[in-house]
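No lab work stands behind these numbers, since they all come straight from the coordinates. Being a predicted model, the structure only gives us computed values, none of them experimental. Every residue, glycine as well, gets a Cβ built from its backbone with ideal geometry; the counts of neighbours run over all protein chains shown.
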Amino acid sequence: MHSVPPRSSLYCAAFAILALSSVGLLWHGPADTAGSASSVAAEYRKEALDLKLAPGWHWPTTLPFTNNSGYGKGAGTARADEYWFCTWARRALSRSLGLGTRRQALEQLPKLRGTYAYAHYIPDTRSSMDAMINNALRGNTSELNANCSWLGSAR
Amino acid sequence: MTEASAETTARGRLSVWLFVAGMAGAGALVGLLAQVLRQNTKTFSGAFMDLGASTAIWLTIGFLLARWIAQTRPPRDRIAWISVVLAAYLFAWLIAYHTLWGIREQLDFAQVWPQMRFWIAAVAPVCVALGLVAVFSLRKDWLGDACLIVPIGWSLRDAYFYGHQGVSEIVVVAIPTLLAALIPAATARRRRWRPLVVAATLLLSGAVFYLLMSRFTLDSSS
């Protein structure tokens, strides 16, 4: 049989819970070590040197980084990986190409798992990307299409 | 205060803090396990990764432990104390889960905290809600019926969501999630269930948690 602890203990516990939850609600945390647009662009260009885009695609001359935004370390590298990935995705989705060519493009997609972006995705994004790639390899490309629609057609 | 009452108070304080510490330990273990499953892409299949990132089953484990503790506690302040032990579990789970993620991904605290903070903020209301459900689930009336069914309601979304992703997800995530949620109801033997209450609770809680957890899951903490 357990005896009842004093109310003061309960009040202390309730206060601690409320305090911790309030910190979560109100405190935005320390400032992130955000990179400047130029440092993120440098990351992007460096990563681009190691990645081969799908035929017909080129790296953008103007990068979408502005000094108005803060960027985490590796954001440029990840963005380059994603651009690379989507060029192959767009090729795999291109109806003007033959089935064999599209299949070859599809087979490039799992290489995303070896990139910096994939290694640094949060778990749910990684899971979504895995599911998207697996589905695409099985013939269901709707998620892939939605994920890479921002890229448009080859240029 | 007499010597006997002082001893009783001290014993009461000790026992409840032992439960709080135990629940915090359980929460930390669960959080670490969930993140290990989530991150070890080379060791585990995608289904185990999904299990790590799911929410309902880990919530249900905490609920089951809290309900077991509720059965051992005296009625006075029981809801409040069960809320406290649940808060210990939830805080420990979320902190362990995100901390291990930060360590493995070599992230700064400044990068981890934004992912974690709203979960931490949610603990205060959630622990009270779960504390109420855990304690009321011990009742024999219609409210008890409803509270025994609520865990199934919050598990339906994960079971449905992951169940759609393939056979391995059904086996590894959906079925264990539902089985864990069924434990409170299944162990309520010789209970005279009120079918209308059960159906209404299942429908309502399923819909509410489906909407809530589709927006706020550890699976979408981006």
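What the pair-distance distribution of the protein assembly as shown shows, using all Cα-Cα distances binned every 10 Å from zero, is 5, 20, 26, 22, 14, 8, 4, 1, 0, 0 percent.
Adding -39500 (n - 2.57) for every DSSP H run of four residues or longer, then dividing by how many residues chain B holds, sets the calculated 222 nm ellipticity at -27000 deg cm²/dmol. A Förster radius of 30 Å combined with the Cβ-Cβ distance from A:Ala16 to B:Trp142 puts the calculated FRET efficiency at roughly 0.30. With contacts taken as Cα pairs under 8 Å and at least 6 residues apart, chain B reaches a relative contact order of 24 percent. Stokes-Einstein diffusion for the stretch B:10-220, with the hydrodynamic radius set to the Kirkwood value over Cα pairs and evaluated at 10 °C in a medium of 1.306 mPa s, equals 90 µm²/s.
Label-to-label distance for B:Leu204 and A:Arg113 is 4.6 nm, based on points extended 7 Å past Cα in the beta-carbon direction.
Peptide packing: for A:85-94, B:18-27, B:52-61, the average count of neighbouring Cβ atoms within 10 Å per residue gives the ranking B:52-61, A:85-94, B:18-27, highest mean first. Per residue of peptide B:116-125, the mean number of Cβ atoms on other chains within 10 Å of the residue Cβ is 5. Using the beta-carbon distance between B:Thr72 and B:Val167 and R0 = 56 Å, what value does 1/(1 + (r/R0)^6) give for FRET efficiency, to the nearest 0.05? Calculated transfer efficiency: 0.90. Over the stretch B:98-222, the ratio between the Cα radius of gyration and 2.2 N^0.38 Å evaluates to 1.23. For the stretch A:79-119, the square roots a ≥ b ≥ c of the C-alpha gyration tensor eigenvalues yield an a/c of 1.5 or more together with a/b not exceeding b/c, which makes the shape oblate. Mean-square fluctuations from a GNM of chain A, with a 10 angstrom spring cutoff on Cα atoms, peak among A:Ala80, A:Ala42, A:Ala16 at A:Ala16. Projecting label points 7 angstrom from Cα along Cα→Cβ for A:Leu51 and A:Ala146 puts them 2.2 nm apart.
With a 10 Å cut-off around each Cβ of A:82-88, the average count of Cβ atoms from other chains is 0. Over the stretch B:109-155, the pair-distance histogram of Cα-Cα distances with 10 Å bins from zero comes to 25, 36, 22, 13, 4 percent, rounded to whole numbers. Legend: mean number of C-beta atoms from other chains within 10 angstrom of residue C-beta atoms, peptide B:66-78, equals 2.
Using a Gaussian network model of chain A with C-alpha springs under 10 Å, which one of A:His58, A:His120, A:His28 is most mobile by mean-square fluctuation? Most flexible of the set in this elastic network: A:His28.
Taking amide H as placed 1.01 Å from N in the peptide plane, A:Tyr71 has its amide H under 5 Å from the amide H of A:Gly35, each at least 5 places away in sequence or on another chain. Label-to-label distance, B:Tyr160 versus A:Ser39, with points set 7 angstrom from Cα along the beta-carbon direction: 4.5 nm. Among A:Ser128, A:Ser96, A:Ser38, the largest mean-square fluctuation in a Gaussian network model of chain A (Cα springs under 10 Å) belongs to A:Ser96. Averaging over all projection directions, the Cα-based convex hull of chain A occupies 15.0 nm² in the image plane.
Of the peptides B:191-200, B:108-117, B:28-37, the order by per-residue mean of other Cβ atoms within 10 Å, starting with the highest, comes out as B:28-37, B:108-117, B:191-200.
Could you state the angle between the C-alpha long axis of helix A:75-93 and the longest principal axis of the C-alpha atoms of chain A, as a value from 0 to 90 degrees rounded to the nearest 10? Taking the Cα atoms of chain A, the angle to A:75-93 is about 50 degrees.
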